[in-house]
Amino acid sequence: MINDGTFEYLCHIRRKIHQWPEPAFQEAKTAETVSVALSRLSIWHKTGVGKTGVVARLETTPSGPTIAIRADMDALPVEEKTGLPFSSRVSGYMHACGHDGHIAMLIGAAMLLKESPPEGNVVFIFQPAEEGGGGARAMIEAGVLDGVDMIFGGHIDMHFPVGSIAIRQYMDTSYTDSLEIRIIGKGGHAARPHETVDAVVVGAQIVTLLQSIVSRSVDPLNPTVVSIGSFHAGTAYNAIADEAVLRGTIRCTDKRTRDIVIEKIKKTAASVSSLHGADVYVSIHEGYPPVMNHPEGYRIAKEAAKEVIGEDGVIILTQPSMGGEDFAYYLEHIPGCFVRFGAHNSLHKFVPTHSSNFDFDEEVIRVGAAFYAEVVKKAVEVLKHRNVRV
């Protein structure tokens with residue numbers, strides 16, 4: 001485990017990054033902070049990977065297995081309201097998803113592995129643009145997985161108490177498609193609605209009916225979410241809007257269900273618009289694929305978690321998260337596992353990620369660093385004794 005002096009240093013790094021959040025593919029200051037920390041450890045690394053990412057390599061046994069561990073670095077376009085003494089100094093942006101903590105964990109793991117290296121090699125991936133930018137793909141295209149046998153990652157999760165690690169076999173997250181529905185009606189005076197085609201009314205009916213897709217067209221055993229997060233229409237209180245734009249997300253855990261939901265969305269929007277005489281244009285934008293934990297990676301991660309926090313602290317998840325993660329792209333190339341680090345306690349109550357009040361118990365950094373160091377060692381041992389790549 002990380003000692004108290006090292007823990008304070010990692011918290012300092014986390015807080016520095018927290019104060020200077022940077023959006024996707026603009027993480028220059030963040031990458032510089034990571035580079036300075038790695039230089040202090042005399043660990044070889046390269047900046048500017050995948051545009052603003054950092055990759056580091058600790059090579060102790062060139063012929064041995066190579067294990068990668070990953071942290072994401074980007075912040076969100078959210079105005080911080082936590083009141084923390086190290087609150088964001090960048091207007092309109094904050095680390096509202098724990099990526100600042102993820103970076104500190106990986107640096108902590110680098111410290112532990114530098115001090116007690118495995119009989120193999122470690123690649124540390126500090127990735128840009130997880131929040132919708134698909135930075136994992138940019139890192140993969142830059143070659144960070146070349147020669148890597150397995151990969152592990154994780155996310156701070158306020159649903160679980162600090163000192164716990166939650167793991168799920170097979171599918172860990174959902175598909176994360178987005179949708180846009182553009183309605184073209186006929187504007188006019190609010191006092192004479194019969195002369196118009198009200199895009200707001202059409203949009204409102206579509207929003208309501210979309211919910212019946214989940215409740216009446218989808219097997220209830222397949223978790224599914226259709227949420228409209230944005231509804232824009234109109235410019236004046238006494239004028240009927242001639243256009244409305246709805247934007248939202250579709251989360252499914254099953255490909256067949258995903259196909260059904262997308263088709264039903266298109267038919268629902270077309271039917272309602274036809275009823276009112278409006279034109280409708282539906283666009284579906286493919287998001288991240290699901291995170292699919294590999295059986296071997298899952299077993300190794302579970303054993304590492306038990307070693308670090310004890311069997312009672314390991315939570316086996318029975319359902320996937322409806323959130324998304326571009327860690328999925330790594331797992332499409334090589335085996336591995338994605339876990340969740342519990343981060344709430346009596347002082348840090350549950351706050352949803354992406355909230356302007358998001359914060360976590362920094363003890364999770366200590367847990368995450370220890371887990372990453374341990375999972376690397378266990379993965380090396382498994383692959384070394386097998387003497388073949390998975």
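Here are the numbers for the structure shown:
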item: Filtered residues of the stretch 206-226 (kept if assigned to a strand (DSSP E or B) and without any contact (Cβ under 8 Å) to a residue 24 or more places away in the chain); result: none
item: Members of the stretch 136-150 that are farther than 24 Å from T61 by Cα and touching a Phe, Trp or Tyr at 6+ places or on another chain (Cβ under 7 Å); result: A136, R137
item: Single unsatisfied condition, V200 versus (1) crowded, with 16+ Cβ neighbours inside 10 Å; (2) in a loop (DSSP other than H, G, I, E, B); (3) over 24 Å from the mean Cα position of the chain (by Cα); result: (2)
item: The stretch 89-141 - residue that is within 25 Å of H344 (Cα to Cα) and acidic (D, E) and, of those, surrounded by the most Cβ atoms within 10 Å (Cβ to Cβ); result: D100
item: The stretch 18-68: number of residues that are in a helix (DSSP H, G or I) and either of a type in the set (D, E) or in contact with a His (Cβ under 7 Å, 6 or more places away or on another chain) (or both); result: 4
item: Tally, over the stretch 86-117, of residues that are over 21 Å from the mean Cα position of the chain (by Cα) and either closer than 15 Å to K16 by Cα or not assigned by TED's automatic domain parsing to the domain that holds E362 (or both); result: 4
item: Any hit, the stretch 65-74, residues being surrounded by fewer than 18 Cβ atoms within 10 Å (Cβ to Cβ) and either farther than 19 Å from I156 by Cα or in contact (Cβ under 8 Å) with a residue 60 or more places away in the chain (or both); result: no
item: Residue check, S346 in a loop (DSSP other than H, G, I, E, B), among the small types (G, A, S) and either buried (at least 24 other Cβ atoms within 10 Å of the Cβ) or without any contact (Cβ under 8 Å) to a residue 60 or more places away in the chain (or both); result: yes
item: Verdict on V90 being within 20 Å of E32 (Cβ to Cβ) and outside any strand (DSSP E or B); result: yes
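The values are calculated or read from the model by the stated rules, or taken from the named source; none is laboratory data. This one's a predicted model, so the numbers in the text were calculated from it and none came from an experiment. No Cβ is skipped: glycine too gets one built from the backbone with ideal geometry, and neighbour counts run over all protein chains shown.
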